[in-house]
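*Asks:* Just dropping this structure here.
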Amino acid sequence: MAKGTSKRLMGRGVGCINTGTGGDVFFIASNLKGVSYNELKEGQAVECETEDGPRGLRATTVSIV
């Protein structure tokens with residue numbers, strides 16, 4: 001699992017995770033586990049499982065650390 005911080009939360013239920021590797025990981029609200037999108041804050045520590053998507057890495061599951 002990759003660890004990072006949440007960033008760029010957008011009102012449409014999507015956001016990005018900064019993993020510190022130079023690229024962001026895209027996620028959607030339905031990938032959150034144990035937390036709702038409205039509870040997630042920018043800068044919060046998270047961990048995620050990732051896969052290659054059509055525009056780069058995307059998270060398949062996201063949970064708060």
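*Asks:* So L40 clears everything in (1) in a strand (DSSP E or B); (2) touching a helix residue (DSSP H, G or I) at 6+ places or on another chain (Cβ under 9 Å); (3) hydrophobic (A, V, I, L, M, F, W, C) except one condition, right? Which one?
*Replies:* Among (1) in a strand (DSSP E or B); (2) touching a helix residue (DSSP H, G or I) at 6+ places or on another chain (Cβ under 9 Å); (3) hydrophobic (A, V, I, L, M, F, W, C), L40 violates only (1).
One line per residue, one yes/no per condition, for (1) touching a Lys or Arg at 6+ places or on another chain (Cβ under 7 Å); (2) at pLDDT below 95; (3) not hydroxyl-bearing (S, T, Y):
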| residue | (1), (2), (3) |
| --- | --- |
| T5 | no, no, no |
| R8 | no, yes, yes |
| G20 | no, yes, yes |
| G23 | no, yes, yes |
| Y37 | no, yes, no |
| L40 | no, yes, yes |
| Q44 | no, no, yes |
| C48 | no, no, yes |
| G56 | no, yes, yes |
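*Asks:* Filter the range 43-65 down to the residues that are assigned to a loop (DSSP other than H, G, I, E, B) and over 12 Å from K3 (Cβ atoms), then identify the one that is least open to solvent (accessible area, probe 1.4 Å).
*Replies:* If we take residues in the range 43-65 being assigned to a loop (DSSP other than H, G, I, E, B) and over 12 Å from K3 (Cβ atoms), then G43 is least open to solvent (accessible area, probe 1.4 Å).
*Asks:* Within the range 13-37, how many residues are open to solvent by 60 Å² or more (accessible area, probe 1.4 Å) and in contact with a helix residue (DSSP H, G or I) (Cβ under 6 Å, 6 or more places away or on another chain)?
*Replies:* Count: 0.
*Asks:* Continuing with this model, one more query. Filter the range 6-27 down to the residues that are part of a loop (DSSP other than H, G, I, E, B) and either under 16 Å from R55 (Cα atoms) or in contact (Cβ under 8 Å) with a residue 60 or more places away in the chain (or both) and list them by number.
*Replies:* G22, G23
The values are calculated or read from the model by the stated rules, or taken from the named source; none is laboratory data. Nothing here was measured: the structure is a model prediction, and the numbers come from that model. A quick note on method: Cβ atoms are made from the backbone with ideal geometry, for glycine too, and the neighbour counts reach across all protein chains shown. Accessible surface is based on the protein model in full, side chains and every heavy atom, while ligands, DNA and RNA are left aside. Shrake-Rupley method; radii C 1.70, N 1.55, O 1.52, S 1.80 Å.
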